[in-house]
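Some notes on the structure that comes next.
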Amino acid sequence: MENMSCGGSCAAVFDVVVVGSCMTDLVSQAPRLPKAGETIHGHKFFIGYGGKGANQCIQAGRLGARTAMVCKVGKDYFGDSYILNFKNNGVSTDFVGQTDKAATGAASIIVNDQGENAIVIVAGANLLLDSEDLRAAAPPITRARVLLCQLEVRPATSLEALRMAHSSGVKTVFNPAPAVSDLDPEFYSNSDVVCCNEPEAELLTGVPVVSLEDAGKAGAVLLGRGCRSVIVTLGSEGCVMMSVQDPTPKHIAGQKVTAVDSTVRSWCGGQLRRGSGVLHGTPPHTASGGDGQKSQSHCSNKREGRGHTGVLPIQEGPPPGALLERDQSPRTDTYKNL
């Protein structure tokens, strides 16, 4: 546990608590992706805030939920900037730890003019989030209305958080991304909702997902492993939902959009808005109309890059400090705000 403190949040009850990752995204835009060993000219560069967990947390907050983030960043410029970004978005940072043992997680991203990308991720401090940090964050984790986890931190850490919340009666949502084929079966039994995309569903179940019918078959396999509800997101086709209460697959159509960049994921966060079925304990299939339908429309028409959904980037328009450039002074390790 490094630099975590309750700060008054131990007694607070949050709508959504996210245990997950923070990534600083270093994004270069270029006409095309370079070949191996090739150097090409790009036309834009910016530094933004990414990470599946942080994106989902901020998205839930922007949709009206009271949110808290449990994560770890480095004691560096990017870590300080990320904490400020959480605060600027109304996310509780009392359980955001900082460590000097690793740098803040980072992703180097190249996006071409067609919205396709190539990404290298260095998880850094994300992999140091551990049991001690979870014990420090036990009050919000075990009192939240919803806990959301992914797999960009150590799987054992995500599973422990799901166990803590599930055993306390908290509704648990698990986004198995990036997916692993040998996932511990306890992930399913401790998850009320499993939300995954097509390649993740295929890797987890062995069922190729190329149609709505396939998504239903994969969802049935996941339900059989012990979770209460399954959502398989399908890019431009929307998603398929099913639950133990109603195992008949239900298709929710997506809103057609033009892909700008598939680098941001926000679908799970969008599901956790106030009034959504997940937040209020309603089976997903009964929460799909009205506001629930609007939540589904965040699905983009791109398949999984680094992210999956969002008509707009998770942080539309950079918050203060998001766009940075190298200071041209002799100290080349410093940055300045544009």
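The values are calculated or read from the model by the stated rules, or taken from the named source; none is laboratory data. The structure presented is a predicted model; accordingly, all values stated were derived computationally and were not measured. Positions of Cβ are backbone-derived with ideal geometry, glycine not excepted, and every protein chain shown enters the neighbour counts. Heavy atoms of the whole protein, side chains included, go into the accessibility calculation; ligands, DNA and RNA do not. Shrake-Rupley method; radii C 1.70, N 1.55, O 1.52, S 1.80 Å.
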Practice item. Considering every residue within the range 95-109, establish whether at least one is at pLDDT 95 or above and among the aromatic types (Phe, Trp, Tyr). Key: yes
**Study point:** Per-region count, the range 197-227, residues open to solvent by 70 Å² or more (accessible area, probe 1.4 Å) and in contact (Cβ under 8 Å) with a residue 60 or more places away in the chain
**Key:** 1
Practice item. Would you check if there is a residue in the range 85-92 being open to solvent by 60 Å² or more (accessible area, probe 1.4 Å) and touching a Pro at 6+ places or on another chain (Cβ under 7 Å)? Key: yes
Revision key, fill the gap. Counting only residues in the range 48-57 that are open to solvent by 10 Å² or more (accessible area, probe 1.4 Å) and not hydroxyl-bearing (Ser, Thr, Tyr), the one farthest from the chain's Cα centre (by Cα) is identified as GLY48
Practice item. Consider SER191 carefully, then state whether it is surrounded by 17 or more Cβ atoms within 10 Å (Cβ to Cβ) and among the polar types (S, T, N, Q). Key: yes
**Study point:** Residues within the range 49-78 that are charged (D, E, K, R) and under 18 Å from THR99 (Cα atoms), tallied
**Key:** 3
Exercise for review: Within the range 35-42, identify whether any single residue is touching a Leu at 6+ places or on another chain (Cβ under 9 Å) and free of Cβ contacts under 8 Å to residues at least 60 places away in the same chain, and answer yes or no.
Suggested key: yes
Revision key, fill the gap. Residue hits (the range 127-172; hydrophobic (A, V, I, L, M, F, W, C) and in contact with a His (Cβ under 9 Å, 6 or more places away or on another chain)) are LEU147
Review point. Does the range 189-200 contain at least one residue that is modelled with pLDDT of 95 or more, over 18 Å from the mean Cα position of the chain (by Cα) and within 19 Å of LYS52 (Cβ to Cβ)?
Key: yes
Study note, to complete from the structure: The correct count of residues that are open to solvent by less than 90 Å² (accessible area, probe 1.4 Å) and in a strand (DSSP E or B) in the range 29-47 is 3
Review point. Farther than 23 Å from ILE141 by Cβ, touching a residue at least 60 places away in the same chain (Cβ under 8 Å) and assigned to a helix (DSSP H, G or I) - does that describe any residue in the range 83-93?
Key: yes
Exercise for review: Evaluate the following for ASP25: is it open to solvent by less than 30 Å² (accessible area, probe 1.4 Å), among the acidic types (Asp, Glu) and modelled with pLDDT under 95?
Suggested key: yes
**Study point:** Residue count for the range 124-179, restricted to those that are among the β-branched types (Val, Ile, Thr) and within 10 Å of VAL19 (Cβ to Cβ)
**Key:** 3
